[in-house]
Amino acid sequence: MNWETVIGLEVHVQLATKTKIFSAASTTFGATPNTQACAIDLAMPGTLPVLNKQAVNYAIMFGLAIDAEICQESVFERKNYFYPDLPKGYQTTQLEKPIVGRGSVTIQLADGTEKAIRIHHAHLEEDAGKSTHEGDLPYGMSGVDLNRAGTPLIEIVSEPDMRSAEEAIAFAKKLHSIVTSIKICDGEMSQGSMRFDVNVSVRPAGSSTLGIRTETKNLNSYKFMEEAIEREVERQIDLIEDGGTVAQETRLYNGDTKVAKSMRSKEEANDYRYFPCPDLLPVLVSDETIEELRQALPELPDARQNRFVSQYALSDYDSAIIASDSNMSAFFETVAKDSNNPKLAANWVMGELSGSLNNAGLGFTESPVSAKQLAGMVVRIADNSISGKMAKQVFEAMWQGEGTADEIIESKGLKQVSDSGALEKIVVDVLAANAVMVEDFINSDESKRKKKLGGFMGQIMKASKGQANPQQVNQILLQKLNELL
Amino acid sequence: MHNYTIAELIKGLQNKEFSSVELTQHFLDRISQLNDNYNAVITITGEQALTAAALADKRLASGDAPAMCGVPILHKDIFCTDGVRTSCGSKMLDNFVPPYNATVVENFARDGAVMLGKTNMDEFAMGSSNETSFYGPVKNPWATDSVPGGSSGGSAAAIAARLAPGATATDTGGSIRQPAALCGISGLKPTYGRVSRWGMIAFASSLDQAGPMARTAEDCAIMLNCMASFDEKDSTSVEQSVPDYTASLGNSVKGLKIGIPKEYFSEGLHPGTELAVREALAELEAQGAELVDISLPSSDLSVPAYYVIAPAEASANLSRFDGVKYGYRCENPKDLQDMYCRSRSEGFGEEVQRRILIGTYCLSAGYYDAYYGKAQQVRQLIQQDFSEAFKSVDLIMGPTCPSPAFKFGAKGDDPVAMYLEDIYTIATNLAGLPGMSVPCGMVEEKPVGLQIIGNYFDEARMLNVAHQFQQITDWHHQAPEAV
């Protein structure tokens, strides 16, 4: 039987506010445990929450970015359950009246087609702390770190509109691109800034009823997400084909061990006893606020992609890749403008620079080679001062902090020889020194001659210590050989 | 000095008849001599009090001190006090010392008032008799075999016994007014949002409101001037300027329309209490006030609605007491589940556990609409009753509670009988309205309270009328024989 996969995502996005959603404690990642938790975050008796307006604005901005309804009166509720890293014994979140209503996100697939994924809603809530079961804790105790407790989140809930892991990943990447472009999230997946819960079910192809779904929680990389989905789809199909049924349950996937397991069944699910939080007033959003935020909304990835095509004459493919990443886009635009050569700028930003950053685990904002430096090098490629091959050496040296492109070209003596007189002399010398090859070239038929040109080029580049301008050499060489025919 | 009202003490301090240190020492001495009889005070902060009093004397000497400067008071143990144990009457917080002050505590400290200590209370403010405190019951100074009312029974008894001239208190369903009535003192629950809830340990957040307790309405006005403030740290605090509540105390009651709800004089009301209240109303009528019969038709729904909403909110508010971060943790838990269960079963008393269970049940899947949803609808009806009534009257008056102080254990086996103690006070909490109780007579040698309910933010008018009533009566000056 043919099976269709149905996927819906719940995405937790940490908002890039300086302070927590209900307290003035810092949200900076990586601090010593429990140094960024104030009395409110610790749920000390008598403390009360005060809503961070910036978090509300960020949520509205997300809603505007996906063209969603903004609810002008949203309500915080308490979601009750006990866990040591949940200090109040309830999470303050939204349920009946979330701040962002229905919207839509368009994804591009590898074959170039586009697909709209509907967003059911997005709501504001607070993050929990972290429990740790490792370290030097005595008597087998567990530790609780409440630094993360109270970090503002929006939870984005999609409709079950995705039909493959590829679509789910494309959707996740598109959300990442949107939230980083409008700068409401730092997008650092390794720090948990975006986390994905994946709802997966399967059904016979052509069926219009949904199968029983499982939810795999807390995936924090595209790779783990893809693996988790593929394994889960396979598991469900095997189960059904063997005559079994899928149990509605919450599952965990361990990306390191590649093992998925059931966390709790539907029967074990908590009754969260939601009710409106009496410590917070309904969040009222005026038309003016929405309009102000709409006006100030940074460029969205789709608009940027279109602009790159028209403004810089990039290909659809190149502009899509660059525009999906706001930091990469900013970097590219500086290089393109400073070098006045967008095509070369795009090649270098997407190629050598992206690769190096990736290997080093760095982001574009942390690049050892600045956009200005890279532009300086692109200018030297464009004016034929250096060849593409030399540029790789220059780039490597810039990466190592050896200076600007011009400084490195100078110090390494990498300057390309483009003086036609000098080049002609090198070509003549090489031809004279390789009489056998010349004889062979003359005696070959037309079709083989082209291949044999490479041999002369190699000799010439060697003789010039790699500094000869290859295009010019090619011209001169052809001209000299033609004279001999 | 202990028979002086706060207004009189302020004059005495400002006229240098006595110093704040002398005054503070006097009350500390009284507490150490007499508190064992009443168990009203559970933490005495003598050293800190004398230091604060010395500072207050300096401010007084400079001639530019706020009204409350140098006046000793007690704080209900529900208000967090920096560096001083704040137990909320519970074993759960017996070891809890907050690193911050409640805004109410801060406001009094700012004006130089002197904290003598912390008062006993029903555990987490859940109770109407002060029998649920981990620190034992408070005894009513008028009859030590009887309850002082609750949950602010410690504050009320301390004032009645002249252990302090005033005290802070809180009221979620009647916890200021009912003990004020039973102990023969004055107490005011302001409009919801008038006084900050920051640092006040939550029972039912949408109903909790702090207010003053003292012997006279004038003293309550002086204390409220200091207590009331808009507070950015409490999102439900209302940004509205605080009037000088003492400014209008002298206004005449002539022409004032007082609504008398028939539902507050029905079955269950002690005939002696009814008589005292009717006589008090007649006194006001004689002063030119007009009595108007009104109806609050949804009154009988207020107790059932309250006992859904308050426990529901409490069940969530008390979840933080889990043995993880502070407070009581059971010995040798064998796992997380065991730690939660035993810490909470051992740390909370019976009434608190009962209300957590009721609240949890009311919010459970499948029951929410029938209980919590319905109760919220009732709440709206009660609000509508009041707003309808206030179209034709300025204030509403009736008894504070159905009968005078009852004996210990009298209602211990019957939670519903206990819940009915607050039958006349609960509706104002559900509506968010201000309510007050002032002494208006004696029944069986125990005090009776007259309840005054005002419109939103109309505390000044309530205090004015209460003050005028106290100009023509002397119930507020009567003291228990032992005192």
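Between A:Leu252, A:Leu239, which is in contact (Cβ under 8 Å) with a residue 12 or more places away in the chain and more than 14 Å from every other protein chain (Cβ to nearest Cβ)?
Details: A:Leu239 fails: in contact (Cβ under 8 Å) with a residue 12 or more places away in the chain.
Matching residue, one of A:Leu252, A:Leu239: A:Leu252.
Filter segment B:309-331 for residues that are of a type outside the set (Phe, Trp, Tyr) and in a loop (DSSP other than H, G, I, E, B) and give the result.
Let us first name the residues in segment B:309-331 that are of a type outside the set (Phe, Trp, Tyr), namely B:309-320, B:322-325, B:327, B:329-331.
Matches in segment B:309-331: B:Asp322, B:Gly323, B:Val324, B:Lys325, B:Gly327, B:Arg329, B:Cys330, B:Glu331.
With the requirement that a residue be surrounded by 14 or more Cβ atoms within 10 Å (Cβ to Cβ) and in a helix (DSSP H, G or I), what does segment A:373-391 give you?
Across segment A:373-391, the qualifying residues are A:Gln373, A:Leu374, A:Ala375, A:Gly376, A:Met377, A:Val378, A:Val379, A:Arg380, A:Ile381, A:Ala382, A:Met390, A:Ala391.
Looking only at segment A:5-51, count every residue that is farther than 27 Å from A:Lys173 by Cα and in contact with a Pro (Cβ under 9 Å, 6 or more places away or on another chain) and tell me the total.
Taking segment A:5-51 as the starting set, the residues that turn out to be farther than 27 Å from A:Lys173 by Cα are A:22-26, A:31-51.
Then keep just the ones that are in contact with a Pro (Cβ under 9 Å, 6 or more places away or on another chain); that gives A:22-23, A:37, A:39-46.
Looking only at that region, the number is 11.
Is it true that B:Ser229 is touching a residue at least 40 places away in the same chain (Cβ under 8 Å), part of a loop (DSSP other than H, G, I, E, B) and within 14 Å of chain A (Cβ to nearest Cβ)?
On the way: touching a residue at least 40 places away in the same chain (Cβ under 8 Å): yes; part of a loop (DSSP other than H, G, I, E, B): yes; within 14 Å of chain A (Cβ to nearest Cβ): no.
No.
Among the residues of segment A:52-84 satisfying the criterion of being farther than 23 Å from A:Gly187 by Cα, part of a loop (DSSP other than H, G, I, E, B) and more than 9 Å from chain B (Cβ to nearest Cβ), which is nearest to the chain's Cα centre (by Cα)?
A:Glu69
Which of the residues spanning segment B:232-275 are in a helix (DSSP H, G or I) and of a type in the set (Gly, Ala, Ser)? Let's see the steps before the verdict.
We begin by selecting, within segment B:232-275, every residue in a helix (DSSP H, G or I); these are B:262-265, B:271-275.
Passing the criteria: only B:Gly272.
What number of residues within segment A:281-292 satisfy the criterion of being part of a loop (DSSP other than H, G, I, E, B), more than 8 Å from chain B (Cβ to nearest Cβ) and either touching an Asp or Glu at 6+ places or on another chain (Cβ under 8 Å) or among the hydrophobic types (A, V, I, L, M, F, W, C) (or both)? Before the answer, list the steps.
Just the residues of segment A:281-292 that are part of a loop (DSSP other than H, G, I, E, B), to begin with: A:281-282, A:285-286.
Filter once more, keeping what is more than 8 Å from chain B (Cβ to nearest Cβ): A:282, A:285-286.
Within this subset, residues satisfying the condition of being either touching an Asp or Glu at 6+ places or on another chain (Cβ under 8 Å) or among the hydrophobic types (A, V, I, L, M, F, W, C) (or both) are A:282, A:285.
Adding up the residues that qualify gives 2.
Quick check on this structure: which one of A:Arg273, A:Arg195 is under 24 Å from A:Ile154 (Cα atoms), part of a strand (DSSP E or B) and of a type in the set (Lys, Arg)? Spell out how you get there, then give the answer.
Working: A:Arg273 fails: part of a strand (DSSP E or B).
Being under 24 Å from A:Ile154 (Cα atoms), part of a strand (DSSP E or B) and of a type in the set (Lys, Arg) holds for just one of A:Arg273, A:Arg195, which is A:Arg195.
Being surrounded by fewer than 16 Cβ atoms within 10 Å (Cβ to Cβ) and of a type in the set (Gly, Ala, Ser) is the filter here, so list the residues in segment B:47-75 that pass it.
Once the filter is applied, which keeps residues that are surrounded by fewer than 16 Cβ atoms within 10 Å (Cβ to Cβ) and of a type in the set (Gly, Ala, Ser), segment B:47-75 yields B:Ala54, B:Ala61, B:Ser62, B:Gly63.
Got at least one residue in segment A:424-431 being under 22 Å from A:Gly351 (Cβ atoms), in contact (Cβ under 8 Å) with a residue 12 or more places away in the chain, assigned to a helix (DSSP H, G or I) and charged (D, E, K, R)?
In the first step, residues of segment A:424-431 are kept if they are under 22 Å from A:Gly351 (Cβ atoms); the result is none.
Checked segment A:424-431: no residue is under 22 Å from A:Gly351 (Cβ atoms), in contact (Cβ under 8 Å) with a residue 12 or more places away in the chain, assigned to a helix (DSSP H, G or I) and charged (D, E, K, R).
Which residue, of A:Gln108, A:Gln191, is surrounded by fewer than 15 Cβ atoms within 10 Å (Cβ to Cβ) and polar (S, T, N, Q)? First the steps, then the outcome.
Numbers: A:Gln108 fails: surrounded by fewer than 15 Cβ atoms within 10 Å (Cβ to Cβ).
Answer to the check: A:Gln191.
What number goes with the only condition from (1) within 24 Å of A:Leu86 (Cβ to Cβ); (2) surrounded by 18 or more Cβ atoms within 10 Å (Cβ to Cβ) that A:Asp161 does not pass?
Every condition holds for A:Asp161 apart from (1).
Against the condition surrounded by fewer than 22 Cβ atoms within 10 Å (Cβ to Cβ), under 24 Å from B:Glu421 (Cα atoms) and touching a strand residue (DSSP E or B) at 6+ places or on another chain (Cβ under 9 Å), how does B:Glu283 come out, does it pass?
On the way: surrounded by fewer than 22 Cβ atoms within 10 Å (Cβ to Cβ): yes; under 24 Å from B:Glu421 (Cα atoms): no; touching a strand residue (DSSP E or B) at 6+ places or on another chain (Cβ under 9 Å): yes.
Here the answer is no, as B:Glu283 does not meet what is asked.
Kindly establish whether A:Glu234 is charged (D, E, K, R), part of a helix (DSSP H, G or I) and assigned by TED's automatic domain parsing to the domain that holds A:Gln72. Spell out how you get there, then give the answer.
Values: charged (D, E, K, R): yes; part of a helix (DSSP H, G or I): yes; assigned by TED's automatic domain parsing to the domain that holds A:Gln72: yes.
Against the criterion (charged (D, E, K, R), part of a helix (DSSP H, G or I) and assigned by TED's automatic domain parsing to the domain that holds A:Gln72), A:Glu234 qualifies.
Considering only residues that are away from chain A (no Cβ under 11 Å) and more than 20 Å from B:Ser129 (Cβ to Cβ), which ones fall in segment B:309-328?
Hit for segment B:309-328 is B:Tyr328, nothing else.
Could you run through segment B:329-344 and say how many residues are out of contact with any Cys (no Cβ under 8 Å at 6 or more places or on another chain) and either over 18 Å from B:Ala202 (Cβ atoms) or within 9 Å of chain A (Cβ to nearest Cβ) (or both)? So that I can check it myself, show each step before the final result.
First pass over segment B:329-344, keeping only residues out of contact with any Cys (no Cβ under 8 Å at 6 or more places or on another chain): B:329-337, B:340-341, B:344.
Adding the requirement that they be either over 18 Å from B:Ala202 (Cβ atoms) or within 9 Å of chain A (Cβ to nearest Cβ) (or both) leaves B:329-337, B:340-341.
Total meeting the criteria: 11.
Here's the yes/no breakdown for (1) touching a strand residue (DSSP E or B) at 6+ places or on another chain (Cβ under 6 Å); (2) of a type in the set (Ser, Thr, Tyr); (3) within 14 Å of chain A (Cβ to nearest Cβ); (4) under 30 Å from A:Lys79 (Cα atoms):
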position: B:Val242; (1), (2), (3), (4): no, no, no, no
position: B:Gly259; (1), (2), (3), (4): yes, no, no, no
position: B:Phe265; (1), (2), (3), (4): no, no, no, no
position: B:Tyr307; (1), (2), (3), (4): no, yes, no, yes
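Tally time: how many residues in segment A:90-131 are away from every other protein chain (no Cβ under 14 Å), at pLDDT 95 or above and not in a strand (DSSP E or B)?
6
I'd like to check which strands (runs of 3 or more DSSP E) are fully inside segment B:33-141 and have at least 1 residues that are within 14 Å of chain A (Cβ to nearest Cβ).
Details: elements: B:41-44, B:72-76, B:114-119.
Hits in segment B:33-141: B:72-76, B:114-119.
Assess whether B:Ala389 counts as being at pLDDT 95 or above and within 12 Å of chain A (Cβ to nearest Cβ).
In short, no.
I'm told B:Lys334 meets every condition in (1) buried (at least 16 other Cβ atoms within 10 Å of the Cβ); (2) outside any helix (DSSP H, G or I); (3) without any contact (Cβ under 8 Å) to a residue 12 or more places away in the chain except one. Can you identify the failing condition by its number?
Tallying (1) buried (at least 16 other Cβ atoms within 10 Å of the Cβ); (2) outside any helix (DSSP H, G or I); (3) without any contact (Cβ under 8 Å) to a residue 12 or more places away in the chain, B:Lys334 fails exactly one: (1).
Evaluate segment B:359-381: report whether one residue or more is more than 10 Å from every other protein chain (Cβ to nearest Cβ), within 19 Å of B:Phe124 (Cβ to Cβ) and not hydrophobic (A, V, I, L, M, F, W, C). Give the derivation first.
Applying the first criterion (more than 10 Å from every other protein chain (Cβ to nearest Cβ)) to segment B:359-381 yields B:369-371, B:374-375, B:377-381.
Then drop every residue that is not within 19 Å of B:Phe124 (Cβ to Cβ), which leaves none.
No.
Here is a list of conditions, (1) on the phi < 0 side of the Ramachandran plot; (2) in contact (Cβ under 8 Å) with a residue 40 or more places away in the chain; (3) in a loop (DSSP other than H, G, I, E, B), and A:Pro278 meets all of them except one; can you say which number that is?
Failed condition: (2).
Can you tell me which residue is nearest to the chain's Cα centre (by Cα) among those in segment A:36-51 that are touching a residue at least 40 places away in the same chain (Cβ under 8 Å), within 7 Å of chain B (Cβ to nearest Cβ) and more than 25 Å from A:Leu284 (Cα to Cα)?
Restricting to residues being touching a residue at least 40 places away in the same chain (Cβ under 8 Å), within 7 Å of chain B (Cβ to nearest Cβ) and more than 25 Å from A:Leu284 (Cα to Cα), the top hit is A:Leu42.
Quick one: would you say A:Val335 is of a type in the set (A, V, I, L, M, F, W, C), closer than 16 Å to A:Ala405 by Cα and in a helix (DSSP H, G or I)? Walk me through how you get there before you give the answer.
Values: of a type in the set (A, V, I, L, M, F, W, C): yes; closer than 16 Å to A:Ala405 by Cα: yes; in a helix (DSSP H, G or I): yes.
Yes; evaluated as a whole, the condition is true for this residue.
The values are calculated or read from the model by the stated rules, or taken from the named source; none is laboratory data. Values in this document were obtained by computation on a predicted structure and should not be read as measured data. Neighbour counts are summed over all protein chains in view; Cβ atoms, including those assigned to glycine, are modelled from backbone coordinates with ideal geometry.
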